[in-house]
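The values are calculated or read from the model by the stated rules, or taken from the named source; none is laboratory data. Computed from a predicted model, the values in this text were never measured in an experiment. We place every Cβ from the backbone using ideal geometry, glycine too, and count neighbours over all the protein chains shown. Ligands, DNA and RNA are excluded from the accessible area calculation, which covers all protein heavy atoms including side chains. Shrake-Rupley method; radii C 1.70, N 1.55, O 1.52, S 1.80 Å.
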Amino acid sequence: VAGYSYALDAEPDETIDTQGTSWDVALEPIPQLADGQHTFAVKAIGTSGLVGTAISFAIWVDTVKPAIGNQSPTGATWLSTLSPTLSAMLSDTASGINPQSLRVSVNAQLLPASAITFAASTGVMTAIASGTRQGGDNTVKVEVDDLAGNSAIDLVWSMKIDTIPPTGSVMINADAQGQGAS
């Protein structure tokens with residue numbers, strides 16, 4: 001092998017682009033690629049001038065962090081359960097969401113992976129926050145990476161839980177001392 005001809009998003013020509021049988025990509029002046037899928041193609045050129053068949057494979061460039069939003073329940077909503085269902089929309093325009101990287105915690109306690117689901121077709125993540133949630137304010141945190149390893153900016157919000165029913169009493173015809181009819 002005298003060298004290799006390579007091309008990005010095109011077919012390689014029959015001009016040797018490398019010295020010898022190896023190529024260090026870091027030393028080449030390759031233009032910055034746009035986010036998305038690209039094709040890298042390479043073919044060998046022999047010392048006798050014979051040219052091999054080109055092979056190609058897809059490479060991904062993804063420099064954009066995934067996004068998390070549209071969480072539920074919102075902080076203004078009061079819940080009457082210690083095991084609320086949490087949801088958020090996850091999106092990534094290039095490589096996609098890595099479901100194995102999905103982490104959800106409530107009050108700094110990580111939920112088990114079995115409590116979290118992600119539907120790639122809709123981008124909806126749901127989690128059942130069962131266990132010992134506390135009454136009052138609870139902090140929820142969602143973390144995720146895309147398939148290229150970019151981490152989203154964590155989404156943190158609060159939800160309010162009240163599982164204690166109200167109590168009350170009625171006094172009929174109360175007087176100044178709080179005494180009244182039954």
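Look at (1) within 30 Å of LEU102 (Cα to Cα); (2) over 28 Å from the mean Cα position of the chain (by Cα) and you find that LYS65 fails only one, number (2). What are the residues in the range 138-164 that are surrounded by fewer than 19 Cβ atoms within 10 Å (Cβ to Cβ), in a strand (DSSP E or B) and free of Cβ contacts under 8 Å to residues at least 40 places away in the same chain, if any? Within the range 138-164, THR139, LYS141, VAL156 qualify. What number of residues within the range 60-93 are under 28 Å from ASP35 (Cα atoms) and in a loop (DSSP other than H, G, I, E, B)? Result for the range 60-93: 7. Residues that are more than 30 Å from ASP92 (Cα to Cα), touching a Lys or Arg at 6+ places or on another chain (Cβ under 8 Å) and not hydroxyl-bearing (Ser, Thr, Tyr) within the range 15-67 comprise VAL51, GLY52, ALA54, listed in sequence order. Residues of the range 40-57 that are open to solvent by less than 60 Å² (accessible area, probe 1.4 Å) and in contact with a strand residue (DSSP E or B) (Cβ under 6 Å, 6 or more places away or on another chain): PHE40, ALA41, VAL42, LYS43, ALA44, ILE45, VAL51, GLY52, ALA54.
For ILE128, indicate whether it is open to solvent by 60 Å² or more (accessible area, probe 1.4 Å), within 19 Å of SER105 (Cα to Cα), touching a helix residue (DSSP H, G or I) at 6+ places or on another chain (Cβ under 8 Å) and touching a residue at least 12 places away in the same chain (Cβ under 8 Å). So ILE128 fits the description; yes. Of everything in the range 64-79, what is at pLDDT below 90 and not hydrophobic (A, V, I, L, M, F, W, C)? Give them in sequence order. Correct list: THR74, GLY75, THR77. When restricted to residues that are open to solvent by 60 Å² or more (accessible area, probe 1.4 Å) and at pLDDT below 75, the range 15-27 contains 8. Within this structure, SER121 passes the test of being in a loop (DSSP other than H, G, I, E, B), open to solvent by 40 Å² or more (accessible area, probe 1.4 Å) and more than 30 Å from GLY3 (Cα to Cα). State yes or no: is SER87 within 30 Å of SER121 (Cβ to Cβ), of a type in the set (Ser, Thr, Tyr), surrounded by 13 or more Cβ atoms within 10 Å (Cβ to Cβ) and modelled with pLDDT of 90 or more? In short, yes.
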